[in-house]
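These notes are about the structure you will find just below.
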Amino acid sequence: MPLRPPYEALLLPVTGLPMPEPERVVARRLLDVFTSAMLVEHGLEGLEVFIHMAGLSDNGSAARFAGEGAKWIPKLGMGVWPDRPPPAMWKREEFEGLGPGERPRTLRNHVFRISGTRRVREGARSAMLGWGSVIQVLTRGDGGGFLQRAREVLCPPITDANFKSFPFYMPLFEGKTLLSEKTPQLDAWFCGASVYLRESPEDGGILIASHEPLAPVLLKLGGEIEQSPEPAWRIPLQ
């Protein structure tokens, strides 16, 4: 996925979200080794894991999340799509303009930040991966600087008072957002993140966007680029 330098992005395609269990196992293993390698290769220290509430449903994901609450101690915040209109309450004309079967836009993109040690956060990522709710951010230093910058970038455009008092704000990315923007805009929207990972139903897979070079890590993991039918990385897993 070609982005404006120095940004890079990859999409790990999946058959669907939720993933079939065999595919979920492979994805977990891949993200485990990829995350560890990126932290070491680029001297990164912060690892933050978030759960996007929109990805939780009655397929078992909501029950698992609720069952782990005492261990994960999730903190509620607001996810914001930076390339879309800022969050606001519904207006009457929005309902009047809906066609048959159409639903109103999502009012709130609630996002939960997993608390606790890094081991707890990594465990939450592995446990929840595969349903379409996981977001992970790697940073230099701890994640506090990222969240502070995210508030500074994402909160000011919001004018509706109902959406201006959340403890933290989190950028939500999909592939087309990253592809359409120039480097200065991505610098602002990344909010100081080094690597951003999100299960993206909009893209049909796991989206990985990085300010750091990806190729050195992928090569150390044994990855090779296959040129046909189009360039793609293939990484063997032990």
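Here Arg119, Arg113 are placed in order of increasing Cβ neighbour count within 10 Å, fewest first, which gives Arg119, Arg113. Once the C-beta distance of Ala54 and Glu94 is scaled by a Förster radius of 25 Å, the resulting FRET efficiency is 0.85 to the nearest 0.05. Of the trypsin sites (Lys or Arg not before Pro) found in region 120-149, the ones in coil according to DSSP and having at most 16 other Cβ atoms within 10 Å of their Cβ are Arg140. Going by amide H atoms built from the backbone, whose H comes under 5 Å of the H on Val80, apart from near neighbours? Amide H neighbours of Val80: Met170, Leu172. A DSSP coil position with no more than 14 other Cβ atoms inside 10 Å describes the following trypsin sites (Lys or Arg not before Pro) in region 151-238: Lys164, Lys182.
Partners of Lys91 within straight-line reach, counting lysines whose Cα lies under 30 Å from its Cα and excluding those fewer than 8 residues away in the same chain: Lys75, Lys164, Lys176.
Based on DSSP H runs of at least 4 residues, each adding -39500 (n - 2.57), what is the mean residue ellipticity at 222 nm of the chain after dividing by all its residues, to the nearest 500 deg cm²/dmol?
Details: 9 runs with 79 residues, N = 238.
That calculation yields -9500 deg cm²/dmol at 222 nm.
At q = 0.10, 0.13 Å⁻¹, what log₁₀ I(q)/I(0) does a Debye calculation on the Cα points of the chain give, no solvent, two decimals? Listed by q, the Debye log ratios stand at -0.48, -0.82.
When the Cα positions of Phe173, Ser228, Val134 are compared along the charge dipole of the chain, Val134 comes out farthest toward the positive end, with charges on each C-beta of Lys, Arg, Asp and Glu. For region 173-186, 3J(HN,Hα) computed residue by residue from phi via the Karplus equation (6.51, -1.76, 1.60; θ = phi - 60°) reads 10, 10, x, 5, 4, 5, 6, 8, 10, 7, 3, x, 5, 5 Hz, glycine and proline entered as x. The magnitude of the dipole of region 144-238, with charges of +1 and -1 set on the Cβ of Lys/Arg and Asp/Glu and taken from the Cα centre, is near 320 debye.
Sorted fewest first by neighbouring Cβ atoms within 10 angstrom, Cys191, Cys155 come out as Cys155, Cys191. Near Leu3, the amide H atoms lying under 5 Å from its own belong to Ala9; only residues 5 or more places off or on other chains count, and H is placed 1.01 Å from N. Of the GluC sites (Glu not before Pro) found in region 33-118, those that fall in a DSSP loop while having at most 12 other beta-carbon atoms within 10 Å are Glu102. Each 5 Å bin from zero holds the following percent of Cα-Cα pairs in region 68-151: 3, 10, 18, 19, 16, 12, 9, 7, 5, 1.
In summary, the aspartates and glutamates within cross-link reach of Lys182, defined as a Cα separation below 16 angstrom excluding same-chain residues under 8 places away, comprise Glu8, Asp83, Glu174.
Averaging the Cα positions of each part gives two centres, and for region 1-58 and region 187-214 these lie 9 Å apart. Counting DSSP beta bridges in the chain, what percent are antiparallel, to the nearest 5? That works out to approximately 90 percent antiparallel. Looking only at Asp58, Asp83, Asp160, which one moves most when the chain is put into a Gaussian network model with springs between Cα atoms under 10 Å? Maximum fluctuation in the GNM of the chain, among the listed residues, is at Asp58.
Annotation: for a label point projected 7 angstrom from Cα along Cα→Cβ of Arg105, residues of region 55-85 with backbone N closer than 19 Å are 55, 78-85.
Rule-based calculations on the coordinates, nothing more; no lab input. All figures in this text were calculated on a predicted structure; none of them were measured in a lab. Reconstructed Cβ throughout: ideal geometry from the backbone, glycine too, with neighbour counts over all protein chains shown.
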